[in-house]
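Values in this text are rule-based calculations from the coordinates and carry no lab data. Everything numeric in this text was worked out from a predicted model, so none of it was measured. With ideal geometry, Cβ positions are generated from the backbone for all residues, glycine too; neighbour counts draw on all protein chains shown.
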Amino acid sequence: MQYFIDVIIPIPLKKLFTYGITASEAEFLKAGMRVAVPFGKSKIYTGIVFSIHNDAPTAYEAKDIQQILDETPIVNAKQLQLWQWIANYYMCTLGDVMRAALPSGFILESETVITKSNSITIDESVLKDDEFLVYEALQHQSSLKIHDISNILDKKNVLPVIKRLIEKEAISVEEEVYEKYKPKLVRYVKLNANFSSETALRQLLDDLSRAPKQKQVVMTLFSVSATTKKPVKVSDLSNESDASSSIIKTLIDKGIFEEYHIQTDRVQYSGEDNEDTKHLNTYQETALIEVKESFKTHNVSLLHGVTSSGKTEVYVKLIEDALSAGKQVLYLLPEIALTTQLVTRLQNYFGEQVAVFHSKYSTHERVEVWNNVLNHSAKAKIVLGARSSIFLPFDNLGLIVVDEEHEQSFKQFDPAPRYHARDTAIVLAYMHEAKILLGSATPSLESYFNAKQNKYGFVELMHRFNDVLMPDIELVDIKDKLKKKLMKGHFSDRLIGEMTETLQEGHQIILFQNRRGFSPIVECNTCGVSPQCSNCDVSLTYHQYRHQLRCHYCGYVEAMLKKCKACGSSEIDSKGFGTEQIEAEVKLLFPDYNVARMDLDTTRGKYGYEKIITALEQQEIDILVGTQMLTKGLDFRNVKLVGIMNADNMLNFPDFRAHERSFQLMLQVAGRAGRTEERGKVLIQTYNPYHNILQQVSTNNYVDMFNEQMNDRYNFKYPPVYKQIKITLKHKDYNRVETASIWFAKSLRQLFADFVLGPESPPVARIRNQFHKNILVKIPKNQSLSKTKEAIAKINNSFFSIKDFRSVKVILNVDNF
Ligand code: ADP
Ligand code: ZN
Ligand code: ZN
C-alpha cells in the first residue's frame, strides 16, 4: 500500500499538491500539520497537510516530503473547512487563504540554520542519543540546515530533537525561526518607581534639561506608557523617540529606567485589578433580553444602537454568558479601534482572558496568540481582533461580536483572499453553532436589509446612555456669496464663532477632513500644468510639513517644485485642501490653543495613534484635526464641538456606496461630540445643504437614508439587492489591457447579457505603471451564485489560454467594496 498526502502550498495555484509518505509517516501525520515539501526544481515550501490517502497522482510522479514540521496539527478541521469556504466563495486558492491565515512565523524557510550554542559548554551526558548526534555534528560544522539534520538522523520528523536541544541550550536557532518552540525574551523598560510622584518626576525632568536627548526618551516613555501602564519595548521606544539604544542604556545605568526581559506572551495584559462589569440601564437591559430572544430563532442578529448608547456593555454581558458556558469568544473590530480604549475596558473586566490580535504586532506575538487559542489557554478565552483574527484556531466558539459592522475595512482589498471578515465570521459562527451579533450606530445597508427581511434578528437601542442628548447637527452653507466673503481660509464665520465659544468654555474640538496632506492639486498659474505621479494617472499631493509632493497611490515622493517644470514660472498655486492645511489655518486662527493632527502621516509608529488619543484624553490638545481615523469608536468626555470641513467631496466620490458611507462617516464623527451632560454641537460645511444625505444626517434619520438608498440599489441593480463580482484587469500596456478586457466582457455578456457593465477605466486609470480596466457582473438573487462563479472561472481559464493575454493580471473581487 502506498501513502500520499495532499498539501496546501502558499502560492496562487488552483490545486492541492500530492506528495509521497511512508507508512509510519502516514500514521503520524494528521491534517493541519505543517510539512516542508520540495517544489519545482529547487524550491522548498512550508505546506499544510490537507488530507492523507492512497491515491497516486495521475498527472505527475509524487515527490517525497522533506520534513515534518509539527507534532500535532496547528490548524484544525473547522479551520480547513473555513479555508475551503473562503477559497470557494471569494474565488481564490487555498494557498492564498493559507498565506493570509497563518502568521508568517509559521511559514518556515527550509534553509533554516541552526548553530552551535554560544552559551557555556554543556554536559554531554544530559544528551540523548539522537540529540548527541546533532550536537556532535555541530562540533565539526559550525552550522547545519534542517535537512542536514534529517540526513544525520535519517528521519524527517526532527523537530522534537531540535526542540529538546534548544531547551538544553545546546544549539541556537536563527532569529524568527522556530518561534513556536523558543520562549523569546524581549527587552522592556519602565520608569523607576522612585520617580512615580509628580515632584520626583518634575525634578528628574529638570535635571535632564541639560541632556535633551535623554529627556526626550523619558517624555516618550511617559506618553506611551501613561495610558497602558505597562513597560515599553526598548525597540519601540527607540523608534518612537528616534533615540539610539545607547541613550536608553545610559538611562538604565543611571537608574532612571528599570530594565527587564519579558517572555512575550506576558505583555498583553497590564495587570490592573479586575473591575466588575457595569449594571445595565433599562434600555440596555431590554436590548440584552431582546438579543438573547432573537438568538433563539436566529444565528445572526443586528444591534442598531446610536452612538454612546452603551452597546459595548451589552456585548460584555453576552461575553460573560458565553464564558460561563465554557465557550470561546471572538470580538471583531476595525484595526484602528484596537489600539485604544476598548482594549483597556475589556481587560479591566476580563483580565488576562483577553488576547489582542493586531497587525501591528510582530509575527512572534501573533504566533503566541495563535498557540494560546490552539491550546485553549486561559489567556485567550476572548480574542479581540481585526479582520484576520477570524483565522485563529478556535474550536469552541460560543459568540462572535462584530463591532462597527458597517466598517469597510472588514473587507480585504488586496491581496487575495479578498474576504469580508463580517461575512466570513457569519460562516465561522455557523460552523461552531455559535451566535453572532453585528453592532453599529450606522449599519451597512446589507445588514439592515437582512434584518428587515428577518434573515437576521434585529434589536434597537435608541437612547444614549445617561440620557445624553444626541448632538445638535447644523448645516452651514458655504456656497452663498455673502457668507463666502466672511470665510477665513476654509472656515466659515459660523464655525469660527462656535469654535471660539467652545474653547472659551474649556471644551475641546474635533475637525474632520477626509483628505490628508496640504493640498491635493498643485498647479502652475501661468500654464496650468500640474505635477502628476510618474507611475500613476493622478496629481501629486502637496505635503507642506516635509515640503514634498507625494502620490497617495504608490508612495512616490519628490521635493516640492520651486518652478513649473513645463514653463519655468515660479507662480505655483495649490488647490483643494487636506488635513495639513486645516491644521495650519487653525493654528493661525487660534494661536493660543494646542492643535494636533491625526492622519496616516502622524500615526505611523506603533504608538503614534495611542499618543494622540492620550493627549486628547488628558486635554493636552484643544483642537484635533483628522481623517476618518477619528471616527472609530472613541469616547472623549470633553469634546463638545465637531466640525466637518467639507461634506461635498465625500458625497461626490464616484462609488455607488458613497452616499451610504458619507452618512455613516458623518454620523460617526458627530457621535464624538457631547458624550456627557452637555449637548454636543456639530457643524457641517457644505456647498449643498439640501442634499438628501445631509438632511438625513442632520436629523439622524437612518431609516430615511436606508429607504432612499435602497431605492437606488433596486433601480441600478446594486448590492444588497444584487450580488456583484468585480473583475479588474491590469497590464503595463494600455492596448493590451483594453483588448483583453473587451474580450473578457464580451465572453461574459454571452452568458449574462445585461448584467455585465464595462470594461471601464477607473477614475485613476493607471497605478504603479499598470493600466486598469474594470468589469462588473451583477447577479440577481434568483441566479445561482456558484454557477455564475463557475462560468466566470471558466472564462478566466480560456482567457489565459490566449497567448497575448497571459501576461495580463486578472483580479476577481466577489462582493467588491
Ligand atoms: P457605544 O458603544 O454604544 O457607542 P459605549 O458602550 O461606549 O457606547 O458607552 C458610552 C459610554 O457610556 C461609555 O463611557 C460607557 O462606559 C458608558 N456606559 C455605558 N453603559 C453603562 C452602564 N450600564 N453603566 C455605566 N456606564 C455605562
Ligand atoms: Zn507652468
Ligand atoms: Zn503614484
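Report the Cα centroid-to-centroid distance between segment 275-340 and segment 628-694 in angstrom, as an integer.
Cα centres, segment 275-340 to segment 628-694: 25 Å.
Could you pull out the GluC sites (Glu not before Pro) across segment 642-681 that fall in loop regions by DSSP (anything but H, G, I, E, B) with no more than 11 other Cβ atoms inside 10 Å? Show your work: numbers first, answer last.
Values: sites: Glu660, Glu677, Glu678; in loops: Glu677, Glu678.
The qualifying sites are Glu677.
Starting with the fewest neighbours, write out Glu169, Glu131 ranked by other beta-carbon atoms found within 10 Å of each beta-carbon.
Values: Glu169 12, Glu131 20.
In order of increasing Cβ crowding within 10 Å: Glu169, Glu131.
Given R₀ = 60 Å, what would the calculated FRET efficiency be for Leu785 paired with Thr199, taking r from the Cβ atoms and rounding to 0.05?
0.35
Stretched out fully, how many nm does the piece from Asn797 to Gln619 gain, at 0.36 nm a residue minus the Cα gap? Write out the running numbers ahead of the final one.
Values: separation 178, 0.36 × 178 = 64.08 nm, distance 5.90 nm.
In short, 58.2 nm is gained.
Using Cβ counts within 10 Å as a stand-in for footprinting exposure, how do Trp370, Trp85 rank, fewest first? Let's see the in-between values first.
Details: Trp370 25, Trp85 17.
So the residues, fewest neighbours to most, are Trp85, Trp370.
For the peptides 374-380, 456-462, 712-718, what is the packing order when you average, over each peptide's residues, the other Cβ atoms within 10 Å and list the highest mean first?
Numbers: 374-380: 17.3, 456-462: 20.6, 712-718: 14.6.
Ranked by mean Cβ neighbours within 10 Å, highest first: 456-462, 374-380, 712-718.
What's the exposure ranking of Cys551, Cys567, going from fewest to most Cβ atoms within 10 Å?
Fewest-to-most ranking of Cys551, Cys567: Cys567, Cys551.
Once a ≥ b ≥ c are taken as the square roots of the eigenvalues of the Cα gyration tensor of segment 742-817, is the result rounded (a/c under 1.5), prolate (a/b larger than b/c) or oblate (a/b not larger than b/c)?
On the way: a/c = 1.94, a/b = 1.34, b/c = 1.45.
Here segment 742-817 falls in the oblate category.
Report the semi-axes of the equivalent ellipsoid for segment 656-743 in whole Å, largest first, where each axis is √(5λ) for an eigenvalue λ of the Cα gyration tensor. Write out the running numbers ahead of the final one.
Working: eigenvalues 284, 58, 29 Å².
Here the semi-axes work out to 38, 17, 12 Å.
Can you give the extra length, in nm with one decimal, that the chain gains between Lys565 and Gln2 once fully stretched, where that is 0.36 nm per residue apart less the Cα-Cα distance?
195.6 nm
For segment 1-142, state the semi-axes of the equivalent ellipsoid (square roots of 5 times the eigenvalues of the alpha-carbon gyration tensor), sorted largest first and rounded to whole angstrom. Let's see the in-between values first.
Numbers: eigenvalues 208, 65, 43 Å².
In descending order, the three semi-axes are 32, 18, 15 Å.
Given R₀ = 51 Å, what would the calculated FRET efficiency be for Leu486 paired with His376, taking r from the Cβ atoms and rounding to 0.05?
With R0 = 51 Å, the Cβ-Cβ based efficiency is 0.20.
On a C-alpha basis, how far is the centre of segment 140-162 from the centre of segment 725-773 in Å? Whole number, if you could?
Segment 140-162 and segment 725-773 have Cα centres separated by 51 Å.
Measure off 7 Å from each Cα along the Cα-to-Cβ vector at Lys41 and Arg679, then give the distance between these two points in nanometres to one decimal.
Going by the 7 Å Cα→Cβ label model, 7.6 nm.
Restrict the search to segment 484-583; then list the chymotrypsin sites (Phe, Trp or Tyr not before Pro) that DSSP places in a loop and that have at most 14 other Cβ atoms within 10 Å of their Cβ. Walk me through the intermediate numbers first.
On the way: sites: Phe491, Phe512, Phe518, Tyr542, Tyr545, Tyr553, Tyr556, Phe577; in loops: Phe518, Tyr545, Tyr553, Tyr556, Phe577.
Passing both the DSSP loop test and the Cβ count: Tyr545.
What full-extension length gain, to one decimal in nm, is calculated for Tyr734 and Lys163 as 0.36 nm per residue of separation minus the Cα-Cα distance? Intermediate values should be presented prior to the final figure.
Numbers: separation 571, 0.36 × 571 = 205.56 nm, distance 5.39 nm.
Gain on stretching Tyr734 to Lys163: 200.2 nm.
As a test, work out the antiparallel percent of DSSP beta bridges whose residues both lie in the chain, rounded to the nearest 5. Kindly include the intermediate steps, with their values, before the conclusion.
Working: 67 of 120 bridges.
The antiparallel fraction comes to roughly 55 percent.
Return the lysines within reach of Lys488: Cα separation strictly under 23 angstrom, same-chain partners fewer than 8 residues apart disregarded; answer none if there are no such residues.
Hits, sequence-local ones excluded: Lys479, Lys575, Lys587, Lys640, Lys681.
Starting from the Cα of Tyr556, step 7 Å along the direction of its Cβ; do the same at Asp206; then give the gap between the two resulting points in nm.
5.6 nm
Rounded to the nearest Å, what's the spacing between the alpha carbon centres of segment 546-621 and segment 372-447? Just the number, please.
Here the two parts' Cα centres lie 35 Å apart.
Along the Cα→Cβ direction, 7 angstrom out, place labels at Glu71 and Ala753. What is the inter-label distance in nm?
6.4 nm
Please list, by residue number, every one of the trypsin sites (Lys or Arg not before Pro) in segment 740-810 that is coil in DSSP and has at most 16 other beta-carbon atoms within 10 Å. Could you put the intermediate results ahead of the total?
Working: sites: Lys746, Arg749, Arg766, Arg768, Lys773, Lys778, Lys781, Lys787, Lys789, Lys794, Lys803, Arg806, Lys809; in loops: Arg768, Lys781, Arg806.
Filter output for segment 740-810: Arg768, Lys781, Arg806.
Using R₀ = 56 Å, calculate the FRET efficiency as 1/(1 + (r/R₀)^6) where r is the Cβ-Cβ separation of Lys587 and Gln139; round to 0.05. The partial results should precede the final answer.
Details: r = 67 Å, r/R0 = 1.19.
Using R0 = 56 Å, I get an efficiency of 0.25.
Regarding the chain, what are the three Cα extents along the principal axes, ordered largest first, in Å?
89, 78, 69
Let a ≥ b ≥ c be the square roots of the eigenvalues of the Cα gyration tensor of segment 570-711; is it rounded (a/c under 1.5), or, if not, prolate (a/b larger than b/c) or oblate?
Values: a/c = 1.78, a/b = 1.28, b/c = 1.39.
Oblate shape, in that a/c is at least 1.5 and b/c is the bigger or equal ratio.
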